[in-house]
1. Which translational diffusion coefficient, to the nearest whole µm²/s, is obtained for region 451-522 from the Stokes-Einstein equation, given a Kirkwood hydrodynamic radius over C-alpha pairs, 4 °C and 1.567 mPa s?
2. Need the list of aspartates and glutamates near Lys254 for cross-linking: C-alpha distance under 17 angstrom, and skip anything on the same chain fewer than eight residues off.
3. Report, in deg cm²/dmol and to the nearest 500, the calculated mean residue ellipticity at 222 nm for the chain, where each DSSP H run with n ≥ 4 adds -39500 (n - 2.57) and the sum is divided by the residue count.
4. Measure up Lys518/Lys563; Lys316/Lys369; Lys257/Lys340 against 19 Å on the Cα-Cα distance and list the ones that go over.
5. Listed here are the pairs Lys622/Lys660; Lys634/Lys773; Lys245/Lys409; Lys39/Lys102; Lys125/Lys205; Lys410/Lys508; which of them are more than 18 Å apart at the Cα?
6. For region 1-121, divide the Cα radius of gyration by the Kirkwood radius and give the resulting Rg/Rh value with two decimals.
7. Region 626-657 to region 113-151: how many Å between their Cα centroids?
8. Once you sort the root eigenvalues of the Cα gyration tensor of the chain as a ≥ b ≥ c, which label holds: rounded (a/c under 1.5), prolate (a/b larger than b/c) or oblate (the other case)?
Amino acid sequence: MGSEKIVLPLLPLRDIVVFPFMVLPLFVGREKSILALEKSMSEKKSVFLSAQRNSSNNEPQPTDIYETGTIANILQILKLTDGTMKVLVEGLQRGRIESFVKNSDYFEVEINRIHENDQLTPEVKALMRSVGTVFDQYVKLNQKIPLDAIAASTNILEPHRYADTIASYMVFQTQEKQELLETLNPRDRLNKLLSILKSEMEVLKIEKRVHGRVRKQMERSQKEFYLNEQIKAIQKELGKRDEFKTDMDELKQKIKKAKMPKEIHEKATKELKRLELMQPMSAEATVARTYIEWLADLPWKKGAGAGKIKIPEAQKILDQDHYGLEKVKERITEHLAVMKLVKKIKGPIICLAGPPGVGKTSLGQSIAKAMGRKFIRISLGGVRDEAEIRGHRRTYIGALPGKIIQGIKKSGVHNPVFMLDEIDKMNADFRGDPSSALLEVLDPEQNFSFNDHYLEVDYDLSNVLFICTANVLHSIPQPLLDRMEVLRLPGYTDQEKMGIAKNFLLPKKVPEHGLTKKNIEITDKALDSIIHNYTRESGVRNLEREIATLCRKVVKIVVEKGKKTSIKITPSVLKNFLGIPKFTRPEHEGPLEIGTATGLAWTEFGGETLSIEVSVISGNGKLVPTGQLGDVMKESAQAAMTYVRSRASDFGMSKNFYQKNDFHIHIPEGAVPKDGPSAGITMAVALVSALTKTPLRPEVAMTGELTLTGKVLPIGGLKEKVLAAHRFGITRLIIPAENEKDIPDIPENVRKNIEFFPATTMDDVIKHSFHKKFKTKKKITVPKNKKPAKISSKQPSLHLS
Ligand SMILES: Nc1ncnc2c1ncn2[C@@H]1O[C@H](COP(=O)(O)OP(=O)(O)OP(=O)(O)O)[C@@H](O)[C@H]1O
Ligand SMILES: [Mg+2]
């Protein structure tokens, strides 16, 4: 270890020990130090760096400064704005202060350079390796040291430099660093470094452990908190379980009380067991619970059979509630009698068919009353999904039983009178055909084990008395129709309406409004006027409504004038109560317009008269049908046209009359779609009238299908049509000869007022329609077995069949 002396300015350091080969920035603020730096810079000399023994000493004396330090090069100086300096220094070599040079401005010291003396003995090598390994771990453990410290140190082969480099990277106390600096023998230095490293490692490990422990501590308290929360949740849940348990007990009781058949009882208990294992609030549990409730709520207990019905009493009840309808009531009592005898309903299902307001629903209610049974009604109007009848499978969200089972549950008994309203308004579509499900419901051979998709178990419907209602029959699927016995309620004549009003509607409505018989008296003439001028319907619903209106108006007067007030309603005061008449009775004395004929239609609202108008204008032979005519009707207009053309000469027209004219056929009330073949003869007559400029007899109306050769084919719904014609004041009615057989069905007082003219050919029709005589063709015979064309149009239209 050699030495040589030099004089250098001294920079006392606070808290830092600079090793050789170390490059680092220093911040210099003390005046003395700044002067020392300036001196060194001006003489291009190095500087001596040595640490203060006490870093807080601002005015250190020579004795306060360690003798051993490092000679360093100044690489860069930066003057900062606050007067201090930032100096980048690079340690070069150890040095030892021999003496302080007298200098009042800054420290200047005489230095002994210390040269290193490396001896690469195996021991030193081993030491270096050990230091390397520990340093490696140390760096990895201590996040404050950059990882490149390892890279920077590995390639150094000189032991002294190796030790110094590693020491410079390490973070430990100034005191220890100084000791390391003062250890001049590289082997000793490595030894010391190793022990420092090891103890640092220990400290680090302990630090880590403490850290871990603290974290664990924190985790534990968090865990405790979490577990506590869980316990709370579980306890809450346990409370729910209690609630759930009482729920379960209730369900169990319900099942017991329901008196289900054995296998259904088994199913319900099985389902209940499943439910008990479920999460109480889960969706699954809700589904299971609803299902069990359905099973338990359905009436399973067999009640009184049909044997208890007393026929005379039943007859009495039917008569009490309904005026007229003798045939229907008779058929119903027969049905009840059969049921009483066989104790089961095996016969066909009754279907009450007729226009609105003729008492279908109320008849159903009466039947239930007569049998002493509950009455339940569901509407099938607009049902187009099989599942609406038969229910949805439980796998669907929000699944429920179908309308049948729902109705049974609502009735609360297993043997209600069950009315299936508007069976003709049911539709089939891609979701399946509801009528096929209904077939099963209505078939006595099958319905003892009706299977609802939701219930899954069979329900016995054989004690239910089903009654269907429909406005029209042609839209009821044939297989369904086959299972029904249709009882037609075609609508009421004026006389019947009068009877219903006097004997049923008034006695019902008057007390309903808090009035007595003495308060209100309606003369026959007034009633007749209400029927004719304020309503035009087959049933009595509007009549009932008008009577209710009258009652309301009378109530107002009675309230004003006192309870004793008595009001007599005559035709002349009617207007004050009901307003201006809505319909006026057609006057048939005056002539009809040329080109106009009266036809008859049959709709779901009953029979209807309709006026057909033809206008001939110059053109080129076009036929223009307007008023929303359906295809069948348009074809029938064409047929009528062809017929008239073929008979042109008989009507006194030139053969090519049609080439110069257009023919406009219109049926007023354009907004209502109309279809069907039964206006054929009416259109032909209207054409003849327009072409020959001859008016029809005003009191005549007609209905019938026309063939191209002029034959008249039969039509449906004659009864309804005749009633409508009667309402309209028609006295001459031309009907297809084949419909003559239906005349006896028509109420007598109507028959009395209308003269029927059966027609086999168009010639007959022409003959009875005009006063004027046209030439007729030779007699043609009509084949007897010709059936009317079947119409499949199901749209709610004016069906002229
Ligand atoms: N023959 C009758 N005797 C007594 N009242 C009747 C008679 N016909 C109908 N009514 C009364 O007319 C009203 C309408 O009858 P209801 O509701 O039964 O008609 P509906 O045929 O079911 O009609 P919809 O096809 O519109 O359902 C009821 O108040 C009913 O009591
Ligand atoms: Mg009804």
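1. Answer from the Stokes-Einstein relation: 76 µm²/s.
2. Straight-distance partners of Lys254: Glu243, Glu263, Glu266, Glu271, Glu276, Glu293, Asp297.
3. Value at 222 nm, helices only: -13000 deg cm²/dmol.
4. Lys257/Lys340
5. Lys634/Lys773; Lys245/Lys409; Lys125/Lys205; Lys410/Lys508
6. Rounded to two decimals, Rg over Rh is 0.96.
7. If we compute the Cα centre of each part, the gap is 121 Å.
8. Because a/c hits 1.5 or more and a/b exceeds b/c, the chain counts as prolate.
Bear in mind that the values in this text are calculations on the coordinates, not laboratory data. What you see is a predicted model, and the numbers here were worked out from it, not measured in a lab. Quick reminder, even Gly has a Cβ in these numbers, built from the backbone with ideal geometry, and neighbours come from all protein chains shown.
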